[in-house]
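The structure appears below as structure tokens.
The values are calculated or read from the model by the stated rules, or taken from the named source; none is laboratory data. Here the structure is a predicted model, which is why all the values come from computation and not from measurement. So basically every Cβ, Gly included, is an ideal-geometry build from the backbone, and we count neighbours across all protein chains shown.
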Amino acid sequence: MFSRPERRAFVPRALLCALAAIVLPLVSCPAAGAAGFSRYTQAYFGTVSILRLNTQDGAEEVWARVKDLLGRIDRAVSVSIPGSDIAAYNSLGAGEGLIVSDITADIYQKAREAYSLTGGLYDPTVYPLVDLWGFSPRFNTSAYRPTEPYDRKKADGSPVPPDPAWVSALLPLVGMDKTALTRTADGWLLKKLAPSVTVNGREYAAMMDLGGVAKGYACDRVRALLLEAGYKEGCFICGDSSVVCLGGVGGTPYTVSVKDPRGAPGAAKDIAALPLENEALATSSDAAHYYMADGVRYCHIIDPRTGCPINTPDGDRAQRGVIQATVTGQDAALLDALGTAVCVSGSVPGEGFLEGLIGRYVLVTWRSDTGQTEVLDGTITQGGTDQ
């Protein structure tokens, strides 16, 4: 199991990190000289994607292929693109199903693997609760207007927590084991098995959001594309959470800077600088998408066991638990889910699903009972961690 490695303690500060402040400095590449190539786009997943190569040869062509790939993934599983497989799935009633693309089937199966591995701590079917708490895409625009019976007016521009009765009412919709994917003569059939719930005479059906592994999946697919095109060095960043690197520069690994989730806006200090060579990295955190209400931080990571954001305070109103988790390894999609599961676990350094994942580097930022933030790091070994 993962034992407690060395701690580095520091007093937390207020934070509202802009996306660019998190994403753009995330990977610090060694100097690539005039031959280097760098492009970014904000067209997919509602975030920034960056490709960096150490040569100009064929780079524009491969960048066009990368953008085409990202577009196909986004159009398959985005919850906010009308006509996507997942948007269509979310509109179905209980017991209904639809034929989905190979991309959606791939991502679903990766999510199902993560769900099984983590004992349900990673669960994309928490989406009804994500919407209930005010973290779905419809809340992220200035044009937001309450449309659901459980919606609330914003306070000073921010959402407010829902009535606990709604949490209890929608929680039975959660559970990836209440979904099914089967291969048929017509293609992949994705079916909704969870019964609907009825509140005040209105039915609510289960929904899901595969975005928790989609960016990591995109990293895996981009890496395969780059290798197929003959590249041996380069890196791809998808949002503020997922990175994949090929080689380094002249034998020097890339350096991934992990930021303090409680750092000052736009100036969050590094809590770690991790070398990355032919590996992937994923970070899950409560820092990028949250709101404050009555002095309590509510974030977008929902605990599928409770239907509430992670680290929701107990009766003493103290907030404690994992606030950020960074994991390295080979499977970027799985790493995305594992980071989320460590955060959901609420314990340091996570649950038993980390056992057996030999060689993965794990960095956990933990909000302790003392009100301080502690950084714990180590590499998983058979009997614990090496520090």
*Here are some conditions: (1) surrounded by fewer than 18 Cβ atoms within 10 Å (Cβ to Cβ); (2) under 19 Å from GLY175 (Cβ atoms). ASP102 meets all but one. Which one does it not meet?*
(2)
*asked:* I need the full set of residues from the range 40-67 which are among the small types (Gly, Ala, Ser) and touching a residue at least 60 places away in the same chain (Cβ under 8 Å), in order please.
replied: GLY46, SER49, GLY58
_TYR144 vs. criteria in the same structural domain as LYS178 (by TED's automatic domain parsing), modelled with pLDDT of 90 or more, more than 14 Å from TYR291 (Cα to Cα) and of a type outside the set (Asp, Glu)_ = no
*If the Cβ limit is 7 Å and pairs must be 6+ apart or interchain, which residue in the range 294-305 that is of a type in the set (Ser, Thr, Tyr) pairs with which residue that is in a strand (DSSP E or B)?*
TYR298/TYR290; TYR298/TYR291; TYR298/PRO309
*asked:* Checking ASP240 against (1) under 30 Å from GLU374 (Cβ atoms); (2) without any contact (Cβ under 8 Å) to a residue 60 or more places away in the chain: exactly one of these is not met. Which one?
replied: (2)
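For (1) among the acidic types (Asp, Glu); (2) in contact with a Phe, Trp or Tyr (Cβ under 6 Å, 6 or more places away or on another chain); (3) closer than 21 Å to ASN90 by Cα, each residue gets a yes or a no:
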{"position": "PRO159", "(1), (2), (3)": "no, yes, no"}
{"position": "ALA165", "(1), (2), (3)": "no, no, no"}
{"position": "LEU171", "(1), (2), (3)": "no, no, yes"}
{"position": "GLY216", "(1), (2), (3)": "no, no, no"}
_For the range 277-289, which positions are surrounded by fewer than 20 Cβ atoms within 10 Å (Cβ to Cβ) and free of Cβ contacts under 8 Å to residues at least 60 places away in the same chain?_
GLU277, ASN278
_Single residue of the range 154-194 satisfying the filter (out of contact with any Lys or Arg (no Cβ under 8 Å at 6 or more places or on another chain), part of a strand (DSSP E or B) and modelled with pLDDT of 95 or more) that is farthest from TYR291 (Cα to Cα)_ = THR184
*Unique match (being of a type in the set (Gly, Ala, Ser) and either closer than 25 Å to LEU376 by Cα or buried (at least 16 other Cβ atoms within 10 Å of the Cβ) (or both)) among GLY201, GLY230, GLY216, GLY250*: GLY216
*If you go through the range 216-228 one residue at a time, do you hit one that is modelled with pLDDT of 95 or more, closer than 27 Å to ALA59 by Cα and among the β-branched types (Val, Ile, Thr)?*
yes
*Under 7 Å between Cβ atoms, at least 6 apart or on separate chains: pull out the pairs that start in the range 189-204 with a residue that is in the same structural domain as PRO172 (by TED's automatic domain parsing) and of a type in the set (Phe, Trp, Tyr) and end on any residue that is at pLDDT 95 or above and assigned to a loop (DSSP other than H, G, I, E, B).*
TYR204/SER196
